[in-house]
1. What is the distance, in nm, between label points placed 7 Å from the Cα along the Cα-to-Cβ direction at R214 and at E420?
2. At 222 nm, what helix-only mean residue ellipticity would the chain give, in deg cm²/dmol to the nearest 500, using -39500 (n - 2.57) for each DSSP H run of four or more?
3. If you roll a 1.4 Å probe over the heavy atoms of the protein chains, what accessible area per residue do you get for the chain, in Å²?
4. Evaluate E = 1/(1 + (r/R0)^6) for Q386 and H427, where r is the Cβ-Cβ distance and R0 equals 30 Å; express this FRET efficiency to the nearest 0.05.
5. Tell me, what ³J(HN,Hα) does each residue in the range 282-292 have, in order and in whole Hz, if you take phi through Karplus 6.51 cos²θ - 1.76 cosθ + 1.60 with θ = phi - 60° and put x for Gly and Pro?
6. On a 1.4 Å probe surface of the protein chains, which of S543, S285 comes out largest in accessible area, and what is the full order?
7. How fast does the range 1-113 diffuse by Stokes-Einstein, in µm²/s, taking the Kirkwood radius from C-alpha pairs at 25 °C and 0.890 mPa s?
8. Would you grab the residues whose amide H sits under 5 Å from the one on V411? Only those 5+ places off in sequence or on another chain, please, with H modelled 1.01 Å from N.
Amino acid sequence: MALANVAWVLASNGMRVLTMDWDLESPGLHRFFRPFLEEDVLSATTGVINIVDNYRWAAMEEDERGDDWYLRYASVSEHAVSLDWAFPGRGALDFVSTGQQVPGYSALAASFDWDVFYGRFAGGLFLEALRGDIKRNYDYCLIDSRTGLSEIADICTIEMPDILVNCFTMSGQSIDGAATVTRSISGRADRDRRVFPVSMRVDEGEKAKVDSGRRYVRSKFDEHLAWMSSEEREAYWSKAEIPYRSFYAFEETLAVFGDAPGRPASLLASFERLTALITSEAVRSLPVMEEATRQRWLQSFFRTESAVAQQVLLSYAPTDRMWAEWIASLLGSAGYRVALEALSATGPERISASGDVTSIVSVLSEAYLQTYEAAARSAGRDILPQVPRLTGVQLPQSLRLAGPFADCPPVNVHGLSPREASEAILHALGEPIQDTAEVIRSALRFPGTEPQVYNIPGRNPGFRGRDTILETMRDRLLRSIPEAMPQVLCGRSGTGKTAVAVEYAHRFMADYDIIWLIPAEDPAFTAILFAQLADQLKLPKASATTETARNTREALRRGDPSSKWLLIFDNAGDRDRLVPCIPLGTGHVIVTSCHPTWSGLATSLQLTKE
């Protein structure tokens with residue numbers, strides 16, 4: 001909380017401020033900024049773990065390159081999100097999260113090997129370059145991190161800061177722990193690094209205990225403030241406290257809006273004093289804000305009661321999954337909780353176990369009805385649970401309906417525009433149509449949309465089966481980190497690996513702007529295919545094909561011209577030769593290979609002849 005408020009005070013005084021959340025295990029800094037951040041932009045933007053992971057992957061490449069190749073990865077701007085607030089002058093407040101919050105985030109954060117990052121990949125050199133980039137572009141960078149003795153704590157207490165604000169509560173354990181951290185870094189001579197110990201959540205309700213705690217704090221930290229005179233230390237200890245105020249115990253509220261100005265005992269005043277300490281009195285207070293503006297924005301921090309969202313079971317045939325994902329995103333944007341179930345992969349026990357489902361939406365097609373009828377015959381009963389509402393969304397123009405789907409007319413979306421289809425589905429579910437345009441904007445791309453650039457062969461109308469493989473691969477790719485780098489279809493020659501990859505590309509075509517199939521037996525030919533992709537994307541070409549290929553991969557990593565891409569490396573041989581050809585970023589990668597050894601680099605899916 002202190003960091004968020006100090007950052008706001010600095011930006012309000014015309015400073016360019018960057019805030020970074022390095023608490024990889026329990027990120028929370030963004031909650032204080034939530035009224036000024038677009039949720040969809042924040043969730044789609046990469047952060048701290050992605051910065052170091054992108055560098056780690058790039059460091060694995062063995063191509064010849066200049067000594068400063070890593071500088072392109074030591075740039076924080078593409079990972080920063082600006083708060084939507086008009087700060088005065090050149091003032092700005094940017095935020096870098098712990099990382100893109102996708103299902104695989106926790107696995108990446110927990111498994112990232114910091115010892116290898118430092119030892120094998122010269123991580124210290126990279127972090128120094130990142131530090132330099134931040135200092136060139138911002139007046140202040142405030143990093144939120146847990147203290148302690150660990151690799152991440154060392155980065156935030158030793159590698160990065162010029163000033164360390166060491167925060168602790170008045171408990172003995174907290175004071176002793178903070179003193180240990182301070183002692184471990186105070187004697188380092190690598191940089192002029194100052195440490196400010198600051199007591200947090202000081203409750204004046206127990207005055208005798210507070211006074212005792214203050215004396216204990218001074219006994220632990222006075223020696224580390226030797227650079228101050230005795231008079232300066234006395235003045236320091238009168239300022240280096242943040243009081244406890246119960247008003248702020250319930251929501252993540254910024255004191256710059258919660259407290260009226262000019263009150264010395266307020267939480268805001270304590271943050272202003274802390275700002276003055278950090279800036280050597282250059283910034284001492286928050287500029288006056290209009291009271292009406294303060295009160296209006298204060299309301300945006302308060303928790304409001306909302307109705308529990310309805311649970312919808314969205315049932316579909318695997319061939320129609322792109323439609324299912326689009327409908328799920330549409331309903332999610334309208335406030336529903338949606339669970340997707342592939343009909344052919346779901347037995348009666350599993351689908352009937354959805355006890356909290358209030359509504360079922362079935363994506364109706366020939367494939368769905370055939371699968372449903374076969375499953376119902378096998379089970380000897382209706383396999384869908386009994387719920388108050390069953391809604392069918394019909395994809396083809398005409399369809400012979402039977403069973404429960406014949407009892408109520410379905411929503412026929414054949415030939416409808418995205419807006420028309422959205423309104424029809426929401427209306428069928430009884431959802432009042434208010435701002436349909438906003439709901440559509442938040443949904444995924446409408447099925448049937450073709451990529452801007454693609455080179456895959458035509459879809460095989462005779463393709464059958466492999467639904468479990470395709471469903472599994474889609475699930476893993478949507479988890480993004482780290483499973484999406486890449487997915488490998490393994491199997492002997494003739495098992496249909498390429499056919500499965502091409503079917504995936506057609507089945508989920510609407511989700512991508514770029515789909516590019518690259519024969520991967522020969523690295524030289526792979527470079528030519530990347531150069532051809534550069535032509536299609538209208539990217540600048542270098543004199544050498546290999547350099548053009550490298551620049552194309554870098555453009556894809558940056559999301560230029562799009563972050564929604566799919567690369568298929570077909571018939572790959574030596575995995576070590578393929579690794580440098582795989583770009584990072586938010587796109588997806590599929591590899592087909594006869595070689596089964598891909599552990600440590602990708603997740604493999606084994607194919608056999610059907």
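1. Rounded to a tenth, the inter-label distance reads 7.4 nm.
2. Details: 23 runs with 232 residues, N = 610.
So the calculated ellipticity at 222 nm is -11000 deg cm²/dmol.
3. Values: 28400 Å² over 610 residues.
Heavy-atom SASA per residue in the chain reads 47 Å².
4. Numbers: r = 24 Å, r/R0 = 0.79.
With R0 = 30 Å, the Cβ-Cβ based efficiency is 0.80.
5. My calculation for the range 282-292 gives 5, 10, 10, 7, 7, x, 4, 10, 4, 4, 5 Hz in order.
6. Numbers: S543 130, S285 60 Å².
The most accessible residue leads, giving S543, S285.
7. Working: Rh = 15.3 Å.
For these conditions, the coefficient is 160 µm²/s.
8. So V411 has HN proximity to G392, V393, Q394.
The values are calculated or read from the model by the stated rules, or taken from the named source; none is laboratory data. Bear in mind the structure is a predicted one, so any value in this text is a computation, not a measurement. Cβ coordinates were reconstructed from backbone atoms using ideal geometry, including for glycine residues, and neighbour counts include every protein chain displayed. Only protein heavy atoms, including side chains, enter the accessible area calculation; ligands, DNA and RNA are left aside. Shrake-Rupley method; radii C 1.70, N 1.55, O 1.52, S 1.80 Å.
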